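Q: Encoded as structure tokens, here's the structure I'll be asking about.
The values are calculated or read from the model by the stated rules, or taken from the named source; none is laboratory data. It should be emphasised that the depicted structure is a prediction, and the values quoted were computed from it without experimental measurement. Because the Cβ atoms are built from the backbone with ideal geometry, glycine has one as well, and the counts that use them run over all protein chains shown.
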């Protein structure tokens, strides 16, 4: 069923624009060099999932058209995953199974991220990121896994706050307002600690 949906996907220019901005944000080098996200296919997938969840959550709060755009964004994301798998040489028979696993991973992460954002819970977001984004992954030299996770959790909650203040007109026009990553938290090169920037 999922594979049939992806095969029937029709391009939505608004969703394409949003997805392009999400991918650009998710690929910011600071996430991999300083926040400790694994610079692998899995790590990049997880970062895109995180940002897609944030935008879809905001879209669902707006209107029926916003909910339709959220679905189009979801479709765009998984059409891209399907395409990427094929370009990487995954066999036609294996692609549907891999995409289904990605969809299941997406829904699992979306549920725990949504819960933490709804509660504005730093502790809950840290727990969600520990289980998903940072599970078994390396962190930068000189910082602890807990400090990295908390830094990312503050960034995610800041994204939720920024997106909540955007109008639907801004979002559907692709005018996303991400927080400056270094404002969430950055490592002090001298001490190896993490803290808020002034």
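Q: Of the numbered conditions (1) in contact (Cβ under 8 Å) with a residue 12 or more places away in the chain; (2) at negative phi, residue 36 fails exactly one; give the number of that condition.
A: (2)
Q: Given the conditions (1) out of contact with any strand residue (DSSP E or B) (no Cβ under 7 Å at 6 or more places or on another chain); (2) at pLDDT below 90; (3) in a helix (DSSP H, G or I); (4) closer than 25 Å to residue 178 by Cα, which single one is not true for residue 86?
A: With respect to (1) out of contact with any strand residue (DSSP E or B) (no Cβ under 7 Å at 6 or more places or on another chain); (2) at pLDDT below 90; (3) in a helix (DSSP H, G or I); (4) closer than 25 Å to residue 178 by Cα, residue 86 is out only on (4).
Q: Please indicate, with yes or no, whether at least one residue in the stretch 85-99 is buried (at least 18 other Cβ atoms within 10 Å of the Cβ) and under 13 Å from the mean Cα position of the chain (by Cα).
A: No, the conditions are met nowhere in the stretch 85-99.
Q: For the stretch 1-41, enumerate the residues that are modelled with pLDDT under 85, surrounded by fewer than 17 Cβ atoms within 10 Å (Cβ to Cβ) and part of a loop (DSSP other than H, G, I, E, B).
A: 1, 8, 9, 10, 11 - these are the residues of the stretch 1-41 that are modelled with pLDDT under 85, surrounded by fewer than 17 Cβ atoms within 10 Å (Cβ to Cβ) and part of a loop (DSSP other than H, G, I, E, B).
Q: Can you find even one residue in the stretch 47-64 that is part of a helix (DSSP H, G or I), within 19 Å of residue 181 (Cα to Cα) and in contact with a strand residue (DSSP E or B) (Cβ under 6 Å, 6 or more places away or on another chain)? Give the derivation first.
A: So in the stretch 47-64, the residues part of a helix (DSSP H, G or I) come out as 47-60, 64.
When the remaining residues are screened for being within 19 Å of residue 181 (Cα to Cα), the result is 47-55.
Restricting the remaining residues to those that are in contact with a strand residue (DSSP E or B) (Cβ under 6 Å, 6 or more places away or on another chain) gives none.
Taking every residue of the stretch 47-64 in turn, none turns out to be part of a helix (DSSP H, G or I), within 19 Å of residue 181 (Cα to Cα) and in contact with a strand residue (DSSP E or B) (Cβ under 6 Å, 6 or more places away or on another chain).
Q: OK, next. Looking only at the stretch 101-141, count how many residues are touching a helix residue (DSSP H, G or I) at 6+ places or on another chain (Cβ under 6 Å), in a helix (DSSP H, G or I) and modelled with pLDDT under 90.
A: The number of residues fulfilling the criteria is 1.
Q: Find all pairs meeting these conditions: Cβ atoms under 7 angstrom apart; at least six residues apart or on different chains; first residue within the stretch 83-105 and at negative phi; second residue surrounded by 12 or more Cβ atoms within 10 Å (Cβ to Cβ) and in a loop (DSSP other than H, G, I, E, B).
A: 98/90
Q: Any chance you could count how many residues in the stretch 145-171 are part of a helix (DSSP H, G or I), touching a residue at least 60 places away in the same chain (Cβ under 8 Å) and closer than 20 Å to residue 69 by Cα?
A: 6
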